[in-house]
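Below you'll find the structure, written out as structure tokens, and then a few comments.
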Amino acid sequence: MTTRYPVLIAGGGPSGLAAAIELGRAGVRCAVVEPRTEVAADPPKAKTTSARTMELFRRWGLVDRVRAAAPLPVSYAQDVVFCTRLAGREITRFRNAFGLYAERRDELAECGQQIPQPVVERVLREAVAALPTVDLLLGHRLVSAVDGPDGVRAAVSGPVGEREVHADYLLGCDGANGVARAAIGARYAGGSGARPNLNVTFRAPGLGDDLLCARAVHYWVLGADAGGIVGRADLDGTWWTVAQNVPPGTDPVGLVRRLIGADVPVEVRAADPWEARMLLVDRYRGRRTFLVGDAAHLNPPWGGHGYNTCVGDAVNLAWKLAAVLHGWAGPALLDSYEPERRPVARQTIDDAAAQEPLLAHAFAHPDLDAAGPAGVARRAAAAEALAAKRGEFHSLGLVLGYHYADSPVVVDDGSPVPTHEPLRYHGSPRPGARLPHRWLADGSSLFDHLGPGFTLLRLDPRADAGPFTAAAARTGVPLTLLDVPGTADAYGAPLLLVRPDQHVAWRGSDARHAAAVLDRARGASHTSHPTPALAG
């Protein structure tokens, strides 16, 4: 039996589910094949959902469900604390780490959220299952795929055997060990961390706030005999640790007790050794097959950017694929996926890999926990040295500030390209950047008013939007006209064309070349460089 889908998604992790939601909400028929019938709670994998990913969840109407499902509310803690032991001494702290804020921020539509990846996956699975155009095929696996000029022929195995599936496009969201990467001949390049690590999930109900040196969302333990990151998985006694520089064969119970530094009962639920990998594929696509998420890049966990980058990939590709399948975009739009997303992955890997020399063992010292002057001096010196780790926890410049200024479907307006400054986010309305956020007078987010397709933001009521609306009507481009008067100075022009992924495609004051601008933004123009007229 042969089945046909416009899009086949191999893998139902965060990237595959995100792609399915983006496509399904656009009315594109697709199937997700995922070997796991249930999402295991252990190990918890990623724990940090970035502010940008939460903005995308808000865009899908899922942000409240994600926050409600999170076992650790943002209000509980927002800081990362460095300490000698969980029950030891605090050395220093980084406040509002990972974009965690208990109050509303002007630059964010949503703050970050600490939540185990399996919990996020369950919420996304429920959302996918509710979409009438998406088939969520749990217990199924992509066995092989042949990438062709007109489509993909795939073999999918399931509970009743193997069947052939034809798809117009295949999204390889099947991770490092999947088959999609081999189907297009793509290869990883990069390296691995020099030291072994051990992830441990454990129960310690006796480890309450009264024993802890401080309240934190993460604890970095700098013990001379055990070091790493420890955090609550919930408020009911379940914890996790990413222990660093752990020799093979280490007893996880003894390791956890050394990290805690107090005699409390410990029950280990899962223990998984691993090494950090910094890998990036040489190409993101074949002819009709695209690599998404971990199939395209593997990030070290420092900073918590891995799965968030995967979701960003999925959204970027899926809205473009929906536009092509609905007939209002050209094939050049799909060609923009790799030049937009591969540099983001490269920068994210590089920034995370820069933390490899700055792990817990680099700051450990026998005197850190001493009570006398030697201990006080050593902790002060460690706190000063730990300032080098600020970029791991304060990275809104990386999370929100990445851009697609060099994209073939973005119109360069000649303004300076934002420099990469991972620690600080300086919102830029330059084409290619995420539209700077603002709260409107009625308390709503500007992002809530953007349309499902392109949005023409009119910031001055005198600006003529007619050429854009006429060009969109002729070409079938879904275009929302959004008037936000009085903000032209903040955005540098009275008119901004915003893509479905909330990135700016064009900015200007002269709409006479609207048809050419729309052609560029929807991939119907093959011109490699914008003209001054388009940039106006």
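General remarks:
- Pairs where the first residue, in the range 331-346, is closer than 11 Å to residue 403 by Cα and in the same structural domain as residue 309 (by TED's automatic domain parsing) and the second is among the charged types (D, E, K, R) and surrounded by 20 or more Cβ atoms within 10 Å (Cβ to Cβ), C-beta under 7 Å, 6+ apart: 341/313
- Residues in the range 94-107 that are surrounded by 21 or more Cβ atoms within 10 Å (Cβ to Cβ) and either closer than 23 Å to residue 15 by Cβ or out of contact with any Gly (no Cβ under 9 Å at 6 or more places or on another chain) (or both): 94, 98, 99.
- Residue 401 meets all of the listed conditions (1) within 30 Å of residue 518 (Cα to Cα); (2) in contact (Cβ under 8 Å) with a residue 40 or more places away in the chain but one, namely (2).
- Which listed residue is β-branched (Val, Ile, Thr), surrounded by fewer than 21 Cβ atoms within 10 Å (Cβ to Cβ) and without any contact (Cβ under 8 Å) to a residue 40 or more places away in the chain, from 469, 475: 469
- Taken over the range 124-155, the criterion of being surrounded by fewer than 22 Cβ atoms within 10 Å (Cβ to Cβ) and β-branched (Val, Ile, Thr) is satisfied by 133, 143, 146.
- Of the set (1) buried (at least 19 other Cβ atoms within 10 Å of the Cβ); (2) at pLDDT 95 or above; (3) not in a loop (DSSP other than H, G, I, E, B), all apply to residue 391 but (2).
- If you check 63, 39 for being surrounded by fewer than 24 Cβ atoms within 10 Å (Cβ to Cβ) and in the same structural domain as residue 243 (by TED's automatic domain parsing), only one passes: 63.
- For the range 82-109, a residue qualifies if it is in contact with a Cys (Cβ under 7 Å, 6 or more places away or on another chain) and either under 17 Å from residue 394 (Cβ atoms) or assigned to a helix (DSSP H, G or I) (or both), and the qualifying residues are 99, 100, 101, 105.
- Every residue from the range 124-149 that is closer than 18 Å to residue 180 by Cβ and either part of a loop (DSSP other than H, G, I, E, B) or free of Cβ contacts under 8 Å to residues at least 60 places away in the same chain (or both): 140, 143, 144, 146, 148, 149
- The range 194-214, residues that are assigned to a loop (DSSP other than H, G, I, E, B), surrounded by 14 or more Cβ atoms within 10 Å (Cβ to Cβ) and not small (Gly, Ala, Ser): 195, 196, 207, 211, 212, 213
- Any hit, the range 10-21, residues being surrounded by fewer than 18 Cβ atoms within 10 Å (Cβ to Cβ) and outside any loop (DSSP other than H, G, I, E, B): no
- Residue selected from the range 89-123 under the condition over 21 Å from the mean Cα position of the chain (by Cα) and without any contact (Cβ under 8 Å) to a residue 24 or more places away in the chain, by the criterion farthest from residue 380 (Cα to Cα): 103
- On inspection, residue 358 fails the criterion of being in contact with a strand residue (DSSP E or B) (Cβ under 6 Å, 6 or more places away or on another chain), within 30 Å of residue 197 (Cα to Cα) and not assigned by TED's automatic domain parsing to the domain that holds residue 24.
The values are calculated or read from the model by the stated rules, or taken from the named source; none is laboratory data. Remember, it's a predicted structure, so these values are computed and weren't measured experimentally. Please note: Cβ atoms are built from the backbone with ideal geometry, for glycine as well, and neighbour counts cover all protein chains shown.
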